[in-house]
Amino acid sequence: MKEKKQGRVLITGAAGFLGSHLCDRFIQEGFEVVGMDNLITGDLKNIEHLFKLSEFEFYHHDVSKFVYVPGRIDHVLHFASPASPIDYLKIPIQTLKVGSLGTHNLLGFAKAKGARIMVASTSEVYGDPLAHPQNEAYWGNVNPVGPRGVYDEAKRFQEAITMAYHNYHQLDTRIVRIFNTYGPRMRLNDGRALPAFIGQALRGEDLTVFGDGSQTRSFCYVDDLVEGIYRLLFAAYYLPVNIGNPQEITIKEFAEEIIQLTGTSQKIVYCSLPVDDPKQRRPDISKARQLLGWEPQVPRKMGLQATLEYFKTLSKDDLYKTDHRFE
Ligand code: UDP
């Protein structure tokens, strides 16, 4: 039998896409997991299979308010945040608060518990990047007052305050810069390219490509991302590390791949490009390769197939449901 690791981990954003996969991984590795989520964008369905386990506990709590969990905590993973551009347009203040006040609370919490903390940063700290591909030394090109500023600047503040706690309080910290990630449990209606395209294909609608579709992204399958995060948490390195898949594709090509994958007879329609939409994005993962011996293993074709299978298990209601939660 695999040796079980000891420890109790707090995962914020536990009911979300990445958070729920992290809960699964840490349980598998033998940890006790405390999940926390305010369920604004998360969904209990993503973790309902964990509720029967004695190693899992859940707190329905907003981390932008004081965080309290009794008992020992060895590691904190702060993954709570809206993560899709339309979410941060709809809930800009919560987005700012969870990245700033939430991070502050969790850093204080980790300090009080003597725990290591990892914060989930993002490729959005690079904004609409002028350097390509993006390595960790690039400072970014962010519009602070644009619609994406609430997310980008909250995450930049998050990195700054995490470094301050590291330097001033000698807190044991990790910063992961996450690039576009996809897989089962993404919200079908979260507005991001992959769920949007798959949802449209399954409903028999045309696929909405924004702009002329020449902007690029690099999509990482969630299992690869979780592996990189897991390795980084246990590596002795406190500066930011990019985790993502360097295989770059234009959004038009991506839509064409989804058309082929789903076998839909629908076509691409072109819509206006959102304000400040980054023109290109590809991680330089040299640091993760060298430090963690990590690189993505799942080819896009396989990852997309697994994601499509997941979306096919959703009910008709889910497929046609519009998200009125923030309206
Ligand atoms: N996009 C698109 N059609 C959609 C949704 C998104 O063309 O229905 C584009 C979007 O403008 C961006 C890219 O796909 O250029 C990735 O968008 P997403 O929201 O997934 O994430 P981002 O990387 O922009 O945060």
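The values are calculated or read from the model by the stated rules, or taken from the named source; none is laboratory data. Because the structure is predicted, anything quoted here is derived from the model rather than measured. Heads up, the Cβs are rebuilt from the backbone with ideal geometry, glycines too, and the neighbour counts pull from every protein chain shown. Note: areas computed on protein heavy atoms with side chains; ligands, DNA, RNA excluded. Shrake-Rupley method; radii C 1.70, N 1.55, O 1.52, S 1.80 Å.
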The correct count of residues that are assigned to a helix (DSSP H, G or I), in contact with a Lys or Arg (Cβ under 9 Å, 6 or more places away or on another chain) and more than 20 Å from residue 24 (Cβ to Cβ) in the range 199-239 is 1
The residue from 201, 164 that alone is more than 19 Å from residue 217 (Cα to Cα) and within 16 Å of the ligand (Cβ to nearest atom) is 201
Out of (1) part of a helix (DSSP H, G or I); (2) in contact with an Asp or Glu (Cβ under 7 Å, 6 or more places away or on another chain), the one residue 9 does not meet is (1)
Scanning the range 143-164 residue by residue, those among the aliphatic types (A, V, I, L, M) and surrounded by 22 or more Cβ atoms within 10 Å (Cβ to Cβ) turn out to be 150, 154
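Is the range 285-295 home to any residue that is open to solvent by 30 Å² or more (accessible area, probe 1.4 Å), among the hydroxyl-bearing types (Ser, Thr, Tyr) and more than 23 Å from residue 118 (Cα to Cα)?
Taking the range 285-295 and keeping what is open to solvent by 30 Å² or more (accessible area, probe 1.4 Å), we get 286-287, 289-291, 293, 295.
Next cut, among the hydroxyl-bearing types (Ser, Thr, Tyr) only: 286.
Going one step further and asking which of them are more than 23 Å from residue 118 (Cα to Cα), we end up with none.
No, because not a single residue in the range 285-295 is open to solvent by 30 Å² or more (accessible area, probe 1.4 Å), among the hydroxyl-bearing types (Ser, Thr, Tyr) and more than 23 Å from residue 118 (Cα to Cα).
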When residue 27 is run through (1) under 26 Å from residue 314 (Cα atoms); (2) touching a Phe, Trp or Tyr at 6+ places or on another chain (Cβ under 7 Å); (3) within 16 Å of the ligand (Cβ to nearest atom), the failure sits at (3)
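Quick check on my filter: what residues within the range 165-208 are charged (D, E, K, R), under 30 Å from residue 266 (Cβ atoms) and open to solvent by 20 Å² or more (accessible area, probe 1.4 Å)?
185, 187, 192, 203, 205, 206
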Checking 233, 194, 225 in turn, the sole residue that is touching a residue at least 40 places away in the same chain (Cβ under 8 Å), within 19 Å of the chain's Cα centre (by Cα) and more than 15 Å from the ligand (Cβ to nearest atom) turns out to be 233
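Yes or no: the range 262-277 includes at least one residue that is aromatic (Phe, Trp, Tyr) and within 17 Å of residue 120 (Cβ to Cβ).
No, the range 262-277 contains no residue that is aromatic (Phe, Trp, Tyr) and within 17 Å of residue 120 (Cβ to Cβ).
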Of those in the range 258-274 that are crowded, with 17+ Cβ neighbours inside 10 Å and assigned to a helix (DSSP H, G or I), the residue nearest to the ligand (Cβ to nearest atom) is 258
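Tell me which residues, restricted to the range 45-71, are hydrophobic (A, V, I, L, M, F, W, C) and open to solvent by 70 Å² or more (accessible area, probe 1.4 Å).
Those that are hydrophobic (A, V, I, L, M, F, W, C) and open to solvent by 70 Å² or more (accessible area, probe 1.4 Å): 51, 66.
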Residue 282: passes all of (1) more than 16 Å from the ligand (Cβ to nearest atom); (2) open to solvent by 50 Å² or more (accessible area, probe 1.4 Å); (3) of a type outside the set (S, T, N, Q) but (1)
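Residues of the range 240-257 being within 16 Å of the ligand (Cβ to nearest atom), β-branched (Val, Ile, Thr) and under 25 Å from residue 27 (Cβ atoms), which ones? Before you say what the answer is, go through the steps one by one.
Step one: list which residues in the range 240-257 are within 16 Å of the ligand (Cβ to nearest atom), which gives 242-257.
Those still in the list that are β-branched (Val, Ile, Thr) too: 243, 249-251.
243 - this is the single residue of the range 240-257 that is within 16 Å of the ligand (Cβ to nearest atom), β-branched (Val, Ile, Thr) and under 25 Å from residue 27 (Cβ atoms).
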Expected output for the range 83-95 (first residue hydrophobic (A, V, I, L, M, F, W, C), partner more than 10 Å from the ligand (Cβ to nearest atom), Cβ below 6 Å, 6+ apart or cross-chain) is 89/147; 91/82; 91/326
Of the residues in the range 209-222, those that are more than 7 Å from the ligand (Cβ to nearest atom), surrounded by 18 or more Cβ atoms within 10 Å (Cβ to Cβ) and over 20 Å from residue 303 (Cβ atoms) number 0
Requested in this report: Restrict the check to the range 16-32 and report whether at least one residue is part of a loop (DSSP other than H, G, I, E, B) and open to solvent by 30 Å² or more (accessible area, probe 1.4 Å).
Outcome: no
